[in-house]
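Some notes on the structure that comes next.
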Amino acid sequence: MSEASPPLIELRAITKTYGEGQAAFQALCGIDLVIRAGEFVAVMGPSGSGKSTVMNLLGCLDTPTSGHYLFRGIAVETLDRNQRALLRRHSLGFVFQGFNLLARTTAQENVELPLLYRGETAEARHAAARAALKCVGLDGWEQHTPAELSGGQQQRVAIARAIVTQPLVLLADEPTGNLDSKRSHEIMELLLALNRDQGITVLMVTHEPDMAAYARRIVHFVDGLVDSDTQHAGSSAVGAQAEAPCC
Amino acid sequence: MLLNALLLALREIRRNLLRSFLTVLGIVIGVAAVITMVTLGNGATRMVADQIAGLGSNLLMVMPGQRLGPGRDSAGAPKFKIADIEAIQQQVNGLKAVAPVVGSAVTLVAGTQNWSSTVSGTSNDYFVAGNWKLAAGRQFSDDEERAGKAVCVIGNTVKKELFGKQSPLGSSIRVKAFACEVIGVLAAKGQGGMGMDQDDTVLMPLRTAQRRLTGSLDIGNVMVSLKDATNSTVAIAQLRSLLRERRKLAENADDNFNVMDTKQIAETLSGTVRTMTGLLGAVAAVSLLVGGIGIMNIMLVSVTERTREIGIRLAIGALEHEVLLQFLIESVVLSAFGGLVGVVLAFFACLGLTALMSMPFLFNPGINLTAFAFSAAIGVIFGYVPARRAAQLDPIQALRHE
Ligand SMILES: Nc1ncnc2c1ncn2[C@@H]1O[C@H](COP(=O)(O)OP(=O)(O)O)[C@@H](O)[C@H]1O
Ligand SMILES: [Mg+2]
C-alpha cells in the first residue's frame with residue numbers, strides 16, 4: 001500500500017483500563033496506530049497483550065479510557081451511542097473470538113440479521129445471506145442452528161454475518177482459532193479475496209505465523225503496547241493462484 | 001421499522017417456546033384466579049341477597065324448645081295449639097299474617113310417578129308470610145280449611161317431577177293413604193339457602209295435615225309476618241310475654257319456645273358472605289401476586305441469555321430503540337395473549353362453577369379489566385425493564401454479561 005492513501009483508522013495514545021482502584025488493570029498503555037484503506041493487517045502477540053481489547057475499541061463495541069480514535073477523520077469519542085451503532089451497521093464487520101451467534105436461530109437468520117437492521121427487503125436479505133454462506137462454504141447448512149454446527153462451522157457463520165453487509169472494514173478476532181489448518185487456509189484465502197477484490201480493509205488477530213503470512217503488514221502487541229509494525233511484500237504469492245471466491 | 005421489530009419479536013417468541021409458554025401460563029393463572037374468585041364471590045352475595053328478598057321482610061319464626069343450635073331441646077317443651085295462633089292474631093299488634101305450620105315428610109304418587117317431598121299443613125296466611133305467589137290455580141277456600149278437605153297446592157319442583165309439562169290442576173296426588181286434589185301451583189322461587197330447594201314442597205290445610213298425616217292437634221311452628229311499619233323488637237317482646245303467659249312460665253324460668261327474626265338471620269348470613277367474598281378476593285390477590293412472581297422469575301432467569309442477545313444485536317448495528325421496541329412487542333404480545341386466555345378461561349370456569357353451585361353468574365367487567373391490566377403490566381415491566389438496562393450498556397459489556 002502506498003503511503004498516499006488516506007488514513008482510514010487512526011488511533012492516538014489509546015489507553016484502556018479495566019476495573020477501578022486496587023483491581024484496576026491497564027490493558028492498553030498508549031497505542032498509536034494508523035490503518036489505511038485497503039490494508040490487510042495481522043495483529044499478533046502473546047495472550048493477554050491487549051489484542052482483543054484493541055479490536056473491540058476499533059469495532060466501536062467498547063470505549064477507550066483515554067486517547068483518540070479517528071474513523072475516516074471523525075473522532076469516534078464525540079459520537080453518541082446511536083451514531084456509533086450506525087457506524088457499526090454501515091461500515092464495520094466484526095467476527096468475535098467466541099462467535100456470538102444467536103442461539104436456536106438458523107445460520108441463514110443469523111446472517112440476515114445485520115441486513116434486517118439495515119432495512120433491506122426480504123428477497124435481498126435471503127439472496128445476500130445465501131451468497132455469504134456459500135462464500136464461507138456453508139451452502140446446504142442454511143437451516144442449521146449453532147447447536148447443530150461444529151465450532152469451525154459456527155466460526156464461518158460468524159464470518160458470513162460480518163461480510164454480508166460488505167463493510168468498509170472487517171475486524172476479525174482470531175477467525176481461524178477454531179479451525180483445522182485446511183479450513184484456516186480457506187478462510188484466509190477468503191479474507192484475502194475480500195481485501196483484494198472488494199477493497200475491504202481487513203484487520204485480523206491471529207496466533208499462527210502461517211496465517212499472519214497472508215497479511216502485508218503485521219502489528220505485534222506486547223503488554224498493551226505496539227512492539228513492532230512490519231510491512232511485508234510477499235503475501236500475494238500465496239493467494240495468487242487461489243480462485244476468487246464467489247463474493 | 002415497526003414491522004421489523006414485530007418480525008423479530010415473533011421470531012424470538014417462537015424460538016423460545018418454553019419460556020414464552022411459562023410466561024403466558026403465569027399470566028393466565030393470575031388473571032383466571034382473580035376473575036373467577038371475585039365473580040363467584042359476587043354471585044354468592046347476590047344469591048344471599050335474593051334469598052333475603054325471597055324470605056320477605058319482617059318474618060318471625062316461632063318454635064317450641066329452648067334454644068337454637070346444638071343441644072336444642074324441643075322434646076319436653078309443649079307444642080303450640082290452634083288456640084295459641086288465635087291468641088297471637090288477636091293480642092299482638094302490627095301483624096300481617098300468622099301461619100301455623102305442621103310439617104311431614106311423605107312420598108307422593110301421581111299416576112306412575114312418585115316423589116319424596118315435605119308437606120306443610122298451614123293456612124292461607126302462609127302465602128303472605130312465605131312471600132309465595134301462585135303460578136296457577138287458587139288458595140284454600142274457608143270451607144276447605146274448616147273441614148280439612150283433601151286439597152293441596154304444590155311447589156314447582158313437585159309439579160315438574162309428578163306432572164312434567166302437563167297442568168296438574170284438578171288431578172289428584174296420593175299422599176300416604178289418601179288422595180289429594182291439586183288446586184294450585186306455587187310460582188318458582190329457586191334454590192334456597194344451603195342448597196335447599198324451596199320449590200320442593202306441598203301445602204294443604206292445617207286440619208287436613210293434622211288429621212290425615214300427623215294424627216294430632218299439635219302445631220310444629222308458627223310463621224309470623226310483621227307489617228312493614230312494625231318495630232320487630234316490640235313485636236317480639238309482645239309475642240314472648242303472651243306466649244310465656246299462655247305457657248304459664250314462672251318469672252325466673254327460661255323460655256320453652258324460641259322466636260327467630262329471619263331478617264336478623266339474613267343479615268348475619270349476608271355479613272358472612274361478605275366476609276367470604278373478601279377472603280376470596282384476598283386469596284385471588286395472592287394468586288395474582290404468585291403469577292406475577294412466576295413471570296418475574298422467568299424473566300430474570302433469562303436475563304443473562306437475553307442480555308447477550310441484546311449485545312449481539314447492538315454489535316451488528318441495531319439501535320437501542322430498535323432493540324427495545326422488539327422487547328416491548330414481545331412482552332406485550334405474551335402478556336396480552338396470556339391475559340386474554342385468562343379472561344376466557346375464567347369466563348368458562350365461572351360458567352361451570354356457578355351452574356354447579358346454582359349461583360347467578362354475574363359478569364364483572366371491572367375485575368376482568370383490572371386483572372388483565374395488572375398481569376399485563378407485570379409482564380411488560382419485567383420483560384422490558386431488564387432489556388432496557390441491557391440495551392444501555394456498551395455492546396461488549398452486554399456480551400460479557402454473566
Ligand atoms: N472485562 C475485563 N475486565 C478486566 N480485565 C480484562 C477484561 N478484558 C480483558 N481484560 C484483561 O486485559 C488484558 C488484555 O486482554 P485481551 O485484550 O483479551 O488479550 P488478548 O491479547 O489475549 O486478546 C488481559 O490481561 C485480560 O485479563
Ligand atoms: Mg483475545
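Could you grab me the full set of residues in segment A:167-185 that are within 12 Å of the chain's Cα centre (by Cα) and away from ligand 2 (no atom under 16 Å from the Cβ)?
A:Pro167, A:Leu168, A:Val169, A:Leu170
Checking A:Gly48 against (1) surrounded by 16 or more Cβ atoms within 10 Å (Cβ to Cβ); (2) within 16 Å of ligand 1 (Cβ to nearest atom); (3) part of a loop (DSSP other than H, G, I, E, B), which single condition isn't satisfied?
Here A:Gly48 meets the rest and fails (1).
Hey, among the residues in segment B:370-399 that are in a helix (DSSP H, G or I), at the interface with chain A (Cβ under 10 Å from one of its Cβ atoms) and not polar (S, T, N, Q), which one's farthest from B:Val24 (Cα to Cα)?
Looking at residues that are in a helix (DSSP H, G or I), at the interface with chain A (Cβ under 10 Å from one of its Cβ atoms) and not polar (S, T, N, Q), I get B:Ile396.
Of everything in segment B:1-36, what is of a type in the set (Ser, Thr, Tyr) and within 13 Å of chain A (Cβ to nearest Cβ)? Give them in sequence order.
B:Ser20
Condition check ((1) at pLDDT 95 or above; (2) within 12 Å of chain B (Cβ to nearest Cβ)) across all residues:
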| residue | (1), (2) |
| --- | --- |
| A:Gly48 | no, no |
| A:His68 | yes, no |
| A:Arg72 | no, no |
| A:Arg81 | no, yes |
| A:Leu87 | yes, yes |
| A:Arg118 | no, yes |
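Kindly indicate whether A:Leu58 is within 13 Å of ligand 1 (Cβ to nearest atom), buried (at least 20 other Cβ atoms within 10 Å of the Cβ) and within 19 Å of B:Ala398 (Cβ to Cβ).
Yes.
Find the residue count for segment B:60-118, including only residues that are at pLDDT 90 or above, hydrophobic (A, V, I, L, M, F, W, C) and surrounded by fewer than 13 Cβ atoms within 10 Å (Cβ to Cβ).
Of the residues in that region, 2 qualify.
Give segment B:126-143 a look and list any residue that's of a type outside the set (A, V, I, L, M) and surrounded by 21 or more Cβ atoms within 10 Å (Cβ to Cβ), or say none.
B:Tyr126, B:Gly130, B:Trp132, B:Phe140, listed by residue number.
Please verify whether segment A:94-103 includes one or more residues that are within 16 Å of ligand 1 (Cβ to nearest atom), over 25 Å from A:Glu39 (Cβ atoms) and free of Cβ contacts under 8 Å to residues at least 24 places away in the same chain.
yes
Yes or no: A:Gly59 touching a Phe, Trp or Tyr at 6+ places or on another chain (Cβ under 6 Å), within 16 Å of ligand 2 (Cβ to nearest atom), within 10 Å of chain B (Cβ to nearest Cβ) and not charged (D, E, K, R)?
Yes, satisfied.
Could you check A:Thr78 against (1) buried (at least 16 other Cβ atoms within 10 Å of the Cβ); (2) of a type in the set (Val, Ile, Thr); (3) more than 16 Å from ligand 1 (Cβ to nearest atom) and say which number it fails?
(1)
The values are calculated or read from the model by the stated rules, or taken from the named source; none is laboratory data. Keep in mind that what you see is a predicted model, and the values were worked out from it rather than measured. Counting neighbours? That spans all protein chains shown, and the Cβs are built from the backbone with ideal geometry, glycine included.
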